[in-house]
Amino acid sequence: MDYPNIDIAPLIDHALLNPTATPEQVQKCCQEADRFGFAAVCVYPVYVKQAAELLQGKKTKVCTVIGFPTGATTSAAKLYEAQEAVENGAKELDVVIHLGALKVGQTEEIYREISQICEETGQTVKAILETNLLTDTEKRLAAEICMDAGVQFLKTSTGWHGGATVADVRFLKKITQGQIGIKASGSIRTIQQAFDLVMAGATRLGTSRGVELLRQLDNLEREDEE
């Protein structure tokens, strides 16, 4: 089987966002991320401090979610959540934008909220657009607002309303034109999906199946050798 020569592991944000996640599972997630060289672990804010301690001195960064999964908390609450996460060791923040505000054209509210988080924390911010709930016009507007607000990545989805699509990644790539990163997230179950999303323009992959994807790749390589 032909597949692109892409080193997938350094692109993966190893996610553990199951509501029933335990400290033991967080420990395993961090160990796997360090072992396989994943870009980051993405855990709930309550586990940021634990993850930061486990990954101290390691290349893998600690990422957490802000306003997750709806984006419908207040701007003040999101800012506090983001600041606390950074104090606890988070280096990357995946922030769900206020989708309701976007739907009614309250663009200044979204800009203020995201720009304040970017400025006050000084860390990498990935704006979660939840593309499956938006029209193309809304996707473009959200992307442009978040880029102007200073984010380093646009993230397709929380995974709670469907996952990343190649079409959406290509759409975001046209908008960003390489100025910032694109994180494809949600429902990435096969190594072929991962390759397709990266080829479309994704520079990060958010998935809870990072280890499984690498196993699939290993199996493909073995098949080619036989």
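Taking region 11-22 as the range and being surrounded by fewer than 13 Cβ atoms within 10 Å (Cβ to Cβ) and either modelled with pLDDT under 95 or within 19 Å of the chain's Cα centre (by Cα) (or both) as the test, the residues that pass are 18, 19.
Within region 56-70, is even one residue surrounded by fewer than 17 Cβ atoms within 10 Å (Cβ to Cβ) and within 17 Å of residue 157 (Cβ to Cβ)?
In the first step, residues of region 56-70 are kept if they are surrounded by fewer than 17 Cβ atoms within 10 Å (Cβ to Cβ); the result is 56-59, 69-70.
Going one step further and asking which of them are within 17 Å of residue 157 (Cβ to Cβ), we end up with 69-70.
Yes - at least one qualifying residue is present in region 56-70.
Any residue at all in region 99-107 that is open to solvent by 10 Å² or more (accessible area, probe 1.4 Å), within 25 Å of residue 40 (Cα to Cα), at pLDDT 95 or above and not small (Gly, Ala, Ser)? Before the answer, list the steps.
Step one: filter region 99-107 for residues open to solvent by 10 Å² or more (accessible area, probe 1.4 Å), giving 99-100, 103-107.
Now narrow it down to the ones that are within 25 Å of residue 40 (Cα to Cα): none.
No: region 99-107 contains no residue that is open to solvent by 10 Å² or more (accessible area, probe 1.4 Å), within 25 Å of residue 40 (Cα to Cα), at pLDDT 95 or above and not small (Gly, Ala, Ser).
Checked against (1) open to solvent by 10 Å² or more (accessible area, probe 1.4 Å); (2) among the small types (Gly, Ala, Ser); (3) under 30 Å from residue 221 (Cβ atoms), residue 194 passes all but condition (1).
Determine if region 23-40 includes at least one residue that is open to solvent by less than 50 Å² (accessible area, probe 1.4 Å), outside any helix (DSSP H, G or I) and modelled with pLDDT under 95. No, region 23-40 contains no residue that is open to solvent by less than 50 Å² (accessible area, probe 1.4 Å), outside any helix (DSSP H, G or I) and modelled with pLDDT under 95. Among the residues of region 143-159, just one is in contact (Cβ under 8 Å) with a residue 60 or more places away in the chain and open to solvent by less than 10 Å² (accessible area, probe 1.4 Å), namely 155.
Contact annotation: residue pairs with Cβ atoms under 9 Å, 6 or more positions apart or on different chains, pairing a residue in region 14-35 that is farther than 15 Å from residue 58 by Cα with a partner that is assigned to a helix (DSSP H, G or I) and basic (Lys, Arg), are 16/28.
Go over the candidates 134, 93, 99 one by one and state the one that is closer than 24 Å to residue 188 by Cβ and in contact with a Ser or Thr (Cβ under 7 Å, 6 or more places away or on another chain). Full working, then the answer.
On the way: 134 fails: in contact with a Ser or Thr (Cβ under 7 Å, 6 or more places away or on another chain); 99 fails: in contact with a Ser or Thr (Cβ under 7 Å, 6 or more places away or on another chain).
From the options 134, 93, 99, the qualifying one is 93.
Residue pairs whose Cβ atoms lie under 6 Å apart, separated by 6 or more positions or on different chains, with the first residue in region 67-93 and within 18 Å of residue 151 (Cα to Cα) and the second assigned to a loop (DSSP other than H, G, I, E, B) and of a type in the set (S, T, N, Q), are 67/73; 86/123; 91/123; 93/123. Per the listing 82, 76, 51, the residue uniquely assigned to a helix (DSSP H, G or I), among the aliphatic types (A, V, I, L, M) and either touching an Asp or Glu at 6+ places or on another chain (Cβ under 6 Å) or surrounded by fewer than 17 Cβ atoms within 10 Å (Cβ to Cβ) (or both) is 76. The set of residues in region 168-179 being in a loop (DSSP other than H, G, I, E, B) and either buried (at least 20 other Cβ atoms within 10 Å of the Cβ) or without any contact (Cβ under 8 Å) to a residue 12 or more places away in the chain (or both) consists of 177, 178. With respect to the conditions (1) free of Cβ contacts under 8 Å to residues at least 12 places away in the same chain; (2) part of a loop (DSSP other than H, G, I, E, B), residue 221 falls short on a single one, namely (2).
Per-residue answers, yes or no, for (1) touching a residue at least 40 places away in the same chain (Cβ under 8 Å); (2) among the aliphatic types (A, V, I, L, M); (3) within 15 Å of residue 11 (Cα to Cα); (4) open to solvent by 10 Å² or more (accessible area, probe 1.4 Å):
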position: 130; (1), (2), (3), (4): yes, no, no, no
position: 134; (1), (2), (3), (4): no, yes, no, yes
position: 138; (1), (2), (3), (4): no, no, no, yes
position: 161; (1), (2), (3), (4): no, no, no, yes
position: 166; (1), (2), (3), (4): no, yes, no, yes
position: 187; (1), (2), (3), (4): no, no, no, yes
position: 198; (1), (2), (3), (4): yes, yes, yes, yes
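The values are calculated or read from the model by the stated rules, or taken from the named source; none is laboratory data. These figures come from a predicted structure and were not determined experimentally. Don't worry about glycine lacking a Cβ; one is built from the backbone with ideal geometry, like all the others, and counts go over all protein chains shown. These area figures cover heavy atoms from the full protein model, side chains too; ligands, DNA and RNA do not enter into them. Shrake-Rupley method; radii C 1.70, N 1.55, O 1.52, S 1.80 Å.
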